[in-house]
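J.: This is the structure I want to talk about, given as structure tokens.
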Amino acid sequence: ALTEGLIDTMKEAGCYKLNIAVESGSERVLNDVIKKSVNLKKVEVLIKHAKSIGLEANIFLIIGMPGETISEMWDSYNFAKRIGIYKPFVSVATPYPGSELYAKSLKEGYIDEKSFMDDLYITSCSISTDKWSGDDVRKIFEEGYGYLQMQFYKKHPILFSKKVATKIFKDPLGLIKRGISLCQRMKN
């Protein structure tokens, strides 16, 4: 329902930040798994427009939905990169008791009803399917953030240089450790 005209009106009314609940960068996941009618091409246009009129724009994503593939989880990070969102709000699918996801996860054996309640929050990775484990999702969650950070610095090398210079003066040993980690990520 969001349009460029509505975004303009929001800006005129004092809005300064826009967050869109995209949920996934995969059309298949949106249509077949989440069952949410979102047109990713339209989101791309709306984010571009919001930025062009000076609004801070961001998106919400969810990874780790049963029925989603590992590749489709990465589609979400790639979508964020494509639209220039380098710090999206990413949550891991969490089967809260009483929800449809909870019922499905119990029925399909994706969660252990007894142990998962001790670790119930939006980055807990409590679901494991026959295609991927909670550990796989946790790895994608962590690597996805690093991937987007790297894409941002590739696009903005001067900001990267400033950050490195600041780190050198504050924590030279920590910088060396981060540099090694960064080089390893770049190889992937």
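The values are calculated or read from the model by the stated rules, or taken from the named source; none is laboratory data. Fair warning: this is a prediction, and the values are worked out from it, not measured in the lab. Neighbour counts run over all protein chains shown; Cβ positions are idealised from the backbone, glycine included. Areas reflect the complete protein model, heavy atoms only, side chains present, ligands, DNA and RNA absent. Shrake-Rupley method; radii C 1.70, N 1.55, O 1.52, S 1.80 Å.
J.: Scan the stretch 153-170 for residues that are more than 13 Å from R185 (Cβ to Cβ) and not charged (D, E, K, R) and jot them down. Lay out the reasoning, then the answer.
T.: Filtering the stretch 153-170 down to residues more than 13 Å from R185 (Cβ to Cβ) leaves 155-170.
Those that are more than 13 Å from R185 (Cβ to Cβ) and not charged (D, E, K, R): H156, P157, I158, L159, F160, S161, V164, A165, T166, I168, F169.
J.: For the stretch 167-188, name all the residues that are of a type in the set (S, T, N, Q) and open to solvent by 80 Å² or more (accessible area, probe 1.4 Å). Steps first, please.
T.: Going residue by residue through the stretch 167-188, those that are of a type in the set (S, T, N, Q) are 181, 184, 188.
Answer for the stretch 167-188, where residues must be of a type in the set (S, T, N, Q) and open to solvent by 80 Å² or more (accessible area, probe 1.4 Å): Q184, N188.
J.: If you check V38 against the conditions, is it more than 10 Å from the chain's Cα centre (by Cα) and either part of a helix (DSSP H, G or I) or not aliphatic (A, V, I, L, M) (or both)?
T.: Details: more than 10 Å from the chain's Cα centre (by Cα): yes; either part of a helix (DSSP H, G or I) or not aliphatic (A, V, I, L, M) (or both): no.
Taking the combined requirement at face value, the residue does not satisfy it.
J.: Report every pair of residues separated by at least 6 positions or lying on different chains whose Cβ atoms are under 6 Å apart, first residue within the stretch 165-188 and under 18 Å from Q149 (Cα atoms), second not aliphatic (A, V, I, L, M).
T.: From residues that are under 18 Å from Q149 (Cα atoms), the pairs are L175/K167; R185/G146.
This table checks each residue for (1) surrounded by 14 or more Cβ atoms within 10 Å (Cβ to Cβ); (2) in contact with a Gly (Cβ under 8 Å, 6 or more places away or on another chain); (3) of a type in the set (A, V, I, L, M).
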| residue | (1), (2), (3) |
| --- | --- |
| K17 | no, no, no |
| S26 | yes, no, no |
| L30 | yes, no, yes |
| N39 | no, no, no |
| E44 | yes, no, no |
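J.: Something else: Can we say S71 is more than 23 Å from K154 (Cβ to Cβ) and either over 17 Å from the mean Cα position of the chain (by Cα) or modelled with pLDDT of 95 or more (or both)?
T.: no
J.: Still on this structure: Based on this model, can you work out whether L46 counts as more than 25 Å from L148 (Cα to Cα) and in contact (Cβ under 8 Å) with a residue 40 or more places away in the chain? Walk me through it before giving the result.
T.: On the way: more than 25 Å from L148 (Cα to Cα): no; in contact (Cβ under 8 Å) with a residue 40 or more places away in the chain: yes.
So L46 does not fit the description; no.
J.: Working carefully through the options L120, L173, L106, L101, find the one that is modelled with pLDDT of 80 or more and touching a Ser or Thr at 6+ places or on another chain (Cβ under 9 Å).
T.: Details: L120 fails: modelled with pLDDT of 80 or more; L173 fails: touching a Ser or Thr at 6+ places or on another chain (Cβ under 9 Å); L106 fails: touching a Ser or Thr at 6+ places or on another chain (Cβ under 9 Å).
None of the others qualify; the one that does is L101.
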